[in-house]
Amino acid sequence: MKAAGPKQDQHTHMLEIPEVTLAPGACDSDLLIAEHFLLKVATTPLPETWQLLRHGGRMTLQAPADAGGYQLELNLTEGPMARRVRTARRTDSLPRAIGMHRRRVERIIDATAGLGRDAMVLSALGCAVTAIERVPALCFLLQVAVEESAANIDVVRGDAVEWLRAHAEGPDPAAVVYLDPMFSDPKKAQVKKEMQACRALAGPPTDTSALLAAARAAARDRVVVKRHPQHPPLADDVSFEVRGDRVRFDVYLTSGAS
Ligand SMILES: C[S@@+](CC[C@H](N)C(=O)[O-])C[C@H]1O[C@@H](n2cnc3c(N)ncnc32)[C@H](O)[C@@H]1O
């Protein structure tokens with residue numbers, strides 16, 4: 001995990017992301033992670049706010065009482081996410097879009113990590129993943145899951161556009177930058193609670209043109225963008241696309257691509 005500076009705190013404040021506190025009852029490693037990502041630790045339960053709390057030994061994110069008080073957890077040892085990680089294949093649509101069915105891809109930047117579900121799959125398939133996320137509470141949940149599962153994921157709290165720009169000229173660029181900046185259709189009745197929570201916490205939509213431009217400048221071989229199958233690409237010059245069950249991956253080859 002990488003430290004965030006005061007600049008990122010200011011940025012988070014500017015984005016008006018709702019505050020999430022770590023509830024009493026957290027273990028020592030939770031407290032260290034909270035300190036690292038600059039999350040506040042509450043001394044009494046605050047059911048009217050978003051909270052991170054240990055529930056039956058598992059770390060959960062709890063919505064405020066007036067939003068239903070629902071809980072979600074990032075469980076990588078059992079349940080659907082664990083199954084997805086366990087059964088991932090290099091020929092699945094995301095790894096194929098990344099090029100993993102043809103060659104070994106050492107390092108990927110997942111610039112919009114969210115709950116890190118895609119990052120977990122890529123790590124399980126052998127990539128080192130740098131996962132950038134601007135919402136501190138999501139960084140926290142992901143870091144807890146990374147430590148529980150020993151996944152090869154470095155969680156970085158911050159704005160991806162700034163991070164990618166700062167790393168564009170580095171000596172050892174990542175082969176691939178992966179972007180999944182969008183949420184599923186908010187009008188859909190059955191938007192999953194993971195997405196409801198991410199949407200509530202993520203603040204305003206990101207500037208996808210700036211994100212794509214920064215990703216293209218930073219990636220050695222390609223940028224892969226997850227899109228809804230009915231939505232247009234972020235830019236006209238897609239090199240090729242890979243269709244999955246419910247999503248499309250647009251691939252932009254960059255000048256270093258072989
Ligand atoms: C649709 S979610 C990603 C879901 C993720 N692929 C997964 O598998 O869980 C998009 C995430 O990108 C983050 N995000 C959007 N723009 C960002 C930016 N400029 N910098 C960092 N994170 C960003 C949002 O906070 C949100 O958590």
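The values are calculated or read from the model by the stated rules, or taken from the named source; none is laboratory data. Just so it is clear, the model here is predicted, and its values are computed rather than measured. Neighbour counts are summed over all protein chains in view; Cβ atoms, including those assigned to glycine, are modelled from backbone coordinates with ideal geometry. Calculation scope for accessible area: heavy atoms of the full protein, side chains included, ligands and nucleic acids excluded. Shrake-Rupley method; radii C 1.70, N 1.55, O 1.52, S 1.80 Å.
Worth a mention:
- Summarising the amide proton neighbourhood of Leu22: residues at separation of 5 or more, or on other chains, whose placed amide H is nearer than 5 Å comprise Lys40, Val41, Ala42, Leu52.
- Over all other residues within a Cβ to Cβ distance under 9 Å of Gly99, the charged ones net out to +3, with Lys and Arg as +1 and Asp and Glu as -1.
- Computed extension length for Asn75-Asp237: 54.5 nm, one decimal, from 0.36 nm per residue of separation with the Cα-Cα distance subtracted.
- Karplus-derived 3J(HN,Hα) values for region 216-221, using 6.51 cos²θ - 1.76 cosθ + 1.60 with θ = phi - 60°, are 5, 6, 9, 7, 6, 10 Hz; glycine and proline are entered as x.
- Only Lys, Arg (+1) and Asp, Glu (-1) charged, at Cβ; the chain dipole about Cα centre in debye: 1020 debye
- Potential lengthening between Glu148 and Ser29 on full extension [0.36 nm per residue; Cα-Cα distance subtracted]: 41.8 nm
- Rounded percent of accessible protein surface that carbon and sulfur make up, the chain, 1.4 Å probe: 52 percent
- Applying the criteria of a DSSP loop state and at most 11 other Cβ atoms within 10 Å to the GluC sites (Glu not before Pro) of region 91-176 yields Glu169.
- Surface accessible to a 1.4 Å probe, Leu32 within the full protein complex, Å²: 110 Å²
- Note, ³J(HN,Hα) from phi for region 123-131, Karplus 6.51, -1.76, 1.60, rounded to Hz, x at Gly and Pro: 5, 4, 8, x, 8, 7, 10, 9, 10
- Calculated FRET efficiency for the pair Ala210/Glu106, C-beta based, R₀ 30 Å, to 0.05: 0.65
- In this structure Leu115 has an accessible area near 10 Å², from a 1.4 Å probe over the protein heavy atoms.
- Pairwise Lys count, the chain - Cα closer than 30 Å, eight or more residues apart or different chains: 12
- Net charge of Cβ neighbours under 14 Å - reference Asp236; Lys, Arg +1; Asp, Glu -1: -1
- For region 32-113, applying the loop criterion from DSSP together with a ceiling of 13 other beta carbons within 10 Å to the trypsin sites (Lys or Arg not before Pro) yields Arg89, Arg102, Arg103, Arg104.
- Note: the chain, Cα convex hull, 129 Å³ per residue.
- Neighbourhood net charge (11 Å Cβ-Cβ; Lys/Arg +1, Asp/Glu -1) for Glu194: +3
- DSSP bridge pairs, the chain: antiparallel proportion in percent, nearest 5: 45 percent
- Trypsin sites (Lys or Arg not before Pro) restricted to DSSP loop in region 210-254 with at most 16 other C-beta within 10 Å: Arg220, Arg246
- A 1.4 Å probe, protein heavy atoms only, puts the accessible area of Ser209 near 80 Å².
- Toward the positive end of the charge dipole of the chain, with +1 on the Cβ of Lys and Arg and -1 on the Cβ of Asp and Glu, the farthest Cα among Gln196, Ser29, Gly158 is that of Gln196.
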